[in-house]
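Take a look at the structure below.
The values are calculated or read from the model by the stated rules, or taken from the named source; none is laboratory data. Because the structure is a prediction, the values reported are computed rather than measured. Neighbour counts run over all protein chains shown; Cβ positions are idealised from the backbone, glycine included.
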Amino acid sequence: MAWVVDTCLLIDVAEADPTFGVASAKLLEAKRSEGLTICPVTYIELAPVFNGNTSGQNQFLFHVGVTWPEAWTELDTQESHHAWHRYVAARRSSRIPKRPVADILVGAFASRFDCLLTRDGGDFLQVFPVLPIVAP
């Protein structure tokens, strides 16, 4: 199985973020031999970084060692459905901060893989408490 890479790590590397870029790149390189993939949502979230240029984005992903596209499955849809319900229920009771639906979709997708690589682990663990997460 592969490691699912969250969008934030790829943006860190693509934009050479002065705070997170090096650490994110090192984590991706360390896990590269085990396989890296992205959720279709992450592919979409990266569009602004590459000014909507899919060729440049695809080239970047290839050089980082990320394989895609990985199919979205019925299992992903079911997990997303349950996770969104959990999130909204917790949000209504003010137990967790607001998160974009994209995070729910990425987390649900990652649930069927080895792990999620992200620097926003706490945000994901609130909705996916058993999801293995590795941060840079």
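Taking Val41, is it at negative phi, part of a strand (DSSP E or B) and among the aliphatic types (A, V, I, L, M)? So that I can check it myself, show each step before the final result.
Details: at negative phi: yes; part of a strand (DSSP E or B): no; among the aliphatic types (A, V, I, L, M): yes.
Answer is no for this residue.
Tally up the residues in segment 68-108 that are under 20 Å from Ala2 (Cα atoms), out of contact with any Leu (no Cβ under 7 Å at 6 or more places or on another chain) and of a type outside the set (A, V, I, L, M, F, W, C), please.
8
Kindly provide the set of residues from segment 13-41 that are touching a Pro at 6+ places or on another chain (Cβ under 8 Å) and either among the aliphatic types (A, V, I, L, M) or over 24 Å from Asp76 (Cβ atoms) (or both), ordered by number.
Matches in segment 13-41: Phe20, Ala23, Ser24, Lys26, Leu27.
Confirm whether Val22 is buried (at least 17 other Cβ atoms within 10 Å of the Cβ), β-branched (Val, Ile, Thr) and at pLDDT 95 or above.
Values: buried (at least 17 other Cβ atoms within 10 Å of the Cβ): no; β-branched (Val, Ile, Thr): yes; at pLDDT 95 or above: yes.
Taking the combined requirement at face value, the residue does not satisfy it.
Would you pick out the residues in segment 1-44 that are of a type outside the set (A, V, I, L, M, F, W, C) and within 10 Å of the chain's Cα centre (by Cα)?
Asp6, Thr7, Thr37, Pro40, Thr42, Tyr43
On the basis of being assigned to a helix (DSSP H, G or I), on the phi < 0 side of the Ramachandran plot, buried (at least 17 other Cβ atoms within 10 Å of the Cβ) and out of contact with any Leu (no Cβ under 9 Å at 6 or more places or on another chain), does Glu29 make the cut?
Spelling it out, it is not the case that Glu29 is assigned to a helix (DSSP H, G or I), on the phi < 0 side of the Ramachandran plot, buried (at least 17 other Cβ atoms within 10 Å of the Cβ) and out of contact with any Leu (no Cβ under 9 Å at 6 or more places or on another chain).
Could you run through segment 81-110 and say how many residues are under 11 Å from the mean Cα position of the chain (by Cα) and not charged (D, E, K, R)?
Initially, segment 81-110 is screened for residues under 11 Å from the mean Cα position of the chain (by Cα), giving 102-110.
Going one step further and asking which of them are not charged (D, E, K, R), we end up with 102, 104-110.
Within segment 81-110, residues that are under 11 Å from the mean Cα position of the chain (by Cα) and not charged (D, E, K, R) number 8.
I'm trying to understand the selection: among the residues of segment 76-133, which are polar (S, T, N, Q) and either touching a residue at least 60 places away in the same chain (Cβ under 8 Å) or assigned to a helix (DSSP H, G or I) (or both)?
If the condition is that a residue be polar (S, T, N, Q) and either touching a residue at least 60 places away in the same chain (Cβ under 8 Å) or assigned to a helix (DSSP H, G or I) (or both), then Thr77, Gln78, Ser80, Thr118 are the ones that fit.
For segment 10-19, give me the residue count where each residue is touching a residue at least 12 places away in the same chain (Cβ under 8 Å) and either surrounded by fewer than 13 Cβ atoms within 10 Å (Cβ to Cβ) or hydroxyl-bearing (Ser, Thr, Tyr) (or both).
To start, the set of residues in segment 10-19 that are touching a residue at least 12 places away in the same chain (Cβ under 8 Å) comprises 10-15.
Next, only the ones that are either surrounded by fewer than 13 Cβ atoms within 10 Å (Cβ to Cβ) or hydroxyl-bearing (Ser, Thr, Tyr) (or both) stay: 15.
Here the count works out to 1.
Going through segment 4-26 one residue at a time, which ones are over 17 Å from Phe124 (Cβ atoms) and in a loop (DSSP other than H, G, I, E, B)?
Glu15, Ala16, Asp17, Pro18, Thr19
Name the single residue, out of those in segment 38-73 being touching a helix residue (DSSP H, G or I) at 6+ places or on another chain (Cβ under 9 Å) and hydroxyl-bearing (Ser, Thr, Tyr), that is surrounded by the most Cβ atoms within 10 Å (Cβ to Cβ).
My answer is Thr42.
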